[in-house]
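Have a look at the structure below, then the notes.
The values are calculated or read from the model by the stated rules, or taken from the named source; none is laboratory data. Remember, predicted model here, so these are calculated numbers, not experimental data. All Cβ positions, glycine included, derive from the backbone under ideal geometry; neighbour counts span all protein chains shown. Protein only, heavy atoms only, side chains kept; ligands, DNA and RNA dropped before computing areas. Shrake-Rupley method; radii C 1.70, N 1.55, O 1.52, S 1.80 Å.
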Amino acid sequence: MTNPHADRVKAVRALATRSGRRRAGRYVVEGPQAVREAVRWAPHTVRDVYLTPEAADRYAEIVADAGAARLHLHLGDAAVLDAMSPDAQGVLAVADLPDAARPATRGEVPVGPLGADALDVVLAARPRLVAVLAQVRDPGNAGTVIRVADAAGADAVVVAGESVETTNPKVVRSTAGSLFHLPVVSGVPVADAVDALRRAGLAVLAADGTGDLDLDDLQDAATLAGASGPAAAPAAPAAPGTDDGAATDLRTPTAWLFGNEAWGLPAEDRDRADAVVRVPLRGRAESLNLGTAAAVCLYASSRAHR
């Protein structure tokens, strides 16, 4: 491919916009790290892979994995890849939107961006740690939380309410490939997500600076209780807004609810949680950004589970 004005190039370029993605039923994955992980972990969603000849030589593993998955592989010069995306770094893939993606292998929990109808499948696998984003609008923040959730060993991420699209190119880039390591379900109203998680046996903890409970205290309690044996799962989900002990035991299956980066969680979402937990601020900082707060909370649960 040598013509940066070709129709195929224009079609890929159009995927940078929300309307272009919806018309085509596809989205773009930019850069070697993200494409490598998409091809390796979610090849059933990938339609085409584009590389410059230099990138094909440098990232031979992408070429090999794409070939093994029988994906359509295209070589284009630098002008073509740049016209498709200025952030491609010589490597780009086109993947199906969640509603159009081909199913994963039978019996497996699908990974990557998923539609709302996948939530039941994900929860049937009995996750122990889930991150829920409520009304998170900033692509960089959403991508960072997905990356943090992956690093902390979370089983899934739910992007709920009027949050940014998980297939927004900035979200995909900021996950650094983590988007394709775990299920990322979107399109679920916050109330429905919380109810489904609770029915699946997870306690729902809202992370908010107004919380009555201190995360340090929960971590200390989990450490002390761990000396006496594993946590017992609650017989039934706790009622919203109540603390029956099991709901705030970090050793039990937990979903963390994180709010908008500017105004946090509204009262109705805090009330849906089993408890509201604050991250202690010991210095003069007024608050933590969303990614940092999510990292602290998710790693607290990850450590307690471990």
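Worth a mention:
- Put a plus charge on the Cβ of each Lys and Arg, a minus charge on the Cβ of each Asp and Glu, and nothing anywhere else: the dipole of the chain about its Cα centre is then about 800 debye.
- Sites excluded, GluC sites (Glu not before Pro) in DSSP loops with at most 11 other C-beta within 10 Å, longest stretch of the chain: 163-285
- Based on the reciprocal of the average 1/r between different C-alpha atoms, the Kirkwood radius for region 105-305 equals 16.6 Å.
- Portion, in percent, of the accessible area of region 22-134 that falls on carbon or sulfur, probe 1.4 Å: 50 percent
- Average accessible area per residue (Å²) across region 15-110 - probe 1.4 Å, nucleic acids and ligands excluded: 49 Å²
- Among the helices of the chain, those built from whole DSSP H runs whose Cα atoms reach 15 Å or more along their own axis and whose mean Kyte-Doolittle hydropathy is at least 0.0 are 139-151, 215-226, 290-305.
- Taking only the alpha carbons of region 7-96, we obtain Rg and Dmax values of 11.8, 34 Å in that order.
- Its DSSP H runs of at least 4 residues, each contributing -39,500 (n - 2.57), put the calculated 222 nm mean residue ellipticity of the chain at -10500 deg cm²/dmol, to the nearest 500.
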